[in-house]
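Every read-out reported here was derived from the displayed coordinates using simple, explicitly stated rules and does not represent laboratory data. Just so we're clear, the structure is a prediction, and the values are computed from it rather than from any experiment. Here the Cβ positions follow ideal geometry from the backbone for every residue, glycine too, while neighbour counts run over all protein chains shown.
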Amino acid sequence: MTSRPITITEDEFGVMLRSFKRSAFRLETRRSYALDYEREEFERFLAGTPTPPPEVDWWQPWLEQITRLAREGKTVSRVRVLAHPPTAYQRWELWAAPWHAQAGEDIRYMPQWRARQLGLLEKQDWWLLDDERVILMQFTKDGAIERKTLTDDPAIVARHLHWRDLAVRNATPAEKIAAA
């Protein structure tokens with residue numbers, strides 16, 4: 001692969017998240033996302049009648065994928081930047097975190113002020129795969145996915161490795177946030 005960034009399709013992105021060799025890490029910096037497939041479940045959460053993730057058609061495959069990857073010895077982790085107070089969307093993510101943990105995903109949270117203090121980019125989400133490739137995610141103003149760009153440029157990868165390490169060191173596991 002060339003180190004020049006290339007735009008990838010949703011299908012290519014899905015293949016990459018199913019076939020990495022060792023690790024996948026995501027930094028989530030947005031206060032909310034506008035993903036069409038989530039809308040109905042998010043509205044149920046807001047109405048006080050949420051459906052457990054293992055019972056949701058689009059959520060269940062992700063949890064099953066995490067379980068399979070964990071059995072294969074691969075890690076999937078993420079750090080979410082958390083507003084104060086958390087947005088309704090972030091409260092929904094916190095509510096769902098135990099199912100992700102049970103599947104084998106390590107989710108951690110960092111206060112927005114701390115992310116800013118550390119110089120982590122706000123409103124810039126990304127995935128780091130196998131410490132070798134970065135997928136930069138661009139969103140529309142309302143939070144819909146606009147584009148995903150893949151690169152293996154050594155300088156970009158090194159910068160994201162540093163940011164990942166900073167984020168993980170300064171974040172709190174979801175289980176501790178929920179217990180507080």
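Tabulated data for the structure shown
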{"read-out": "Global geometry of the chain, whether rounded, prolate or oblate, following the gyration tensor of its Cα atoms and the 1.5 cut on a/c", "value": "rounded"}
{"read-out": "Extension reserve of the Trp58-Ile145 stretch, reckoned as 0.36 nm per residue once the Cα distance is removed", "value": "29.7 nm"}
{"read-out": "Paramagnetic label zone (point 7 Å from Cα along Cα-to-C-beta, Asp153; backbone N under 11 Å) in the range 1-33", "value": "3-6"}
{"read-out": "Relative contact order of the chain, defined on C-alpha pairs under 8 angstrom at six or more residues apart (%)", "value": "32"}
{"read-out": "Centre separation in Å (Cα based) which lies between the range 127-174 and the range 70-111", "value": "16"}
{"read-out": "The chain: most fluctuating residue of Val157, Val15, Val76 per GNM, C-alpha cutoff 10 Å", "value": "Val15"}
{"read-out": "Value at 222 nm in deg cm²/dmol, rounded to 500, when DSSP H runs of n ≥ 4 in the chain each add -39,500 (n - 2.57)", "value": "-12500 deg cm²/dmol"}
{"read-out": "Selection from Ile145, Tyr89, Met110 lying farthest towards where the dipole of the chain points positive, charges on Cβ", "value": "Met110"}
{"read-out": "Arg18 versus Thr67: modelled label distance in nm, points set 7 Å from Cα along the beta carbon direction", "value": "1.7"}
{"read-out": "Aspartates and glutamates whose Cα lies under 16 Å from that of Lys74, excluding same-chain neighbours fewer than 8 positions away", "value": "Glu64, Glu105, Asp106, Asp130, Asp131, Glu132"}
{"read-out": "Stretchable slack from Ala47 to Asn170, in nm (0.36 nm times residue separation minus alpha-carbon distance)", "value": "41.0 nm"}
{"read-out": "Two-site FRET efficiency, Glu132 against Asp36, from Cβ-Cβ distance with R₀ of 45 Å, rounded to 0.05", "value": "0.90"}
{"read-out": "Evaluated over the range 111-180, the Cα radius of gyration and Dmax, each in Å", "value": "13.7, 40"}
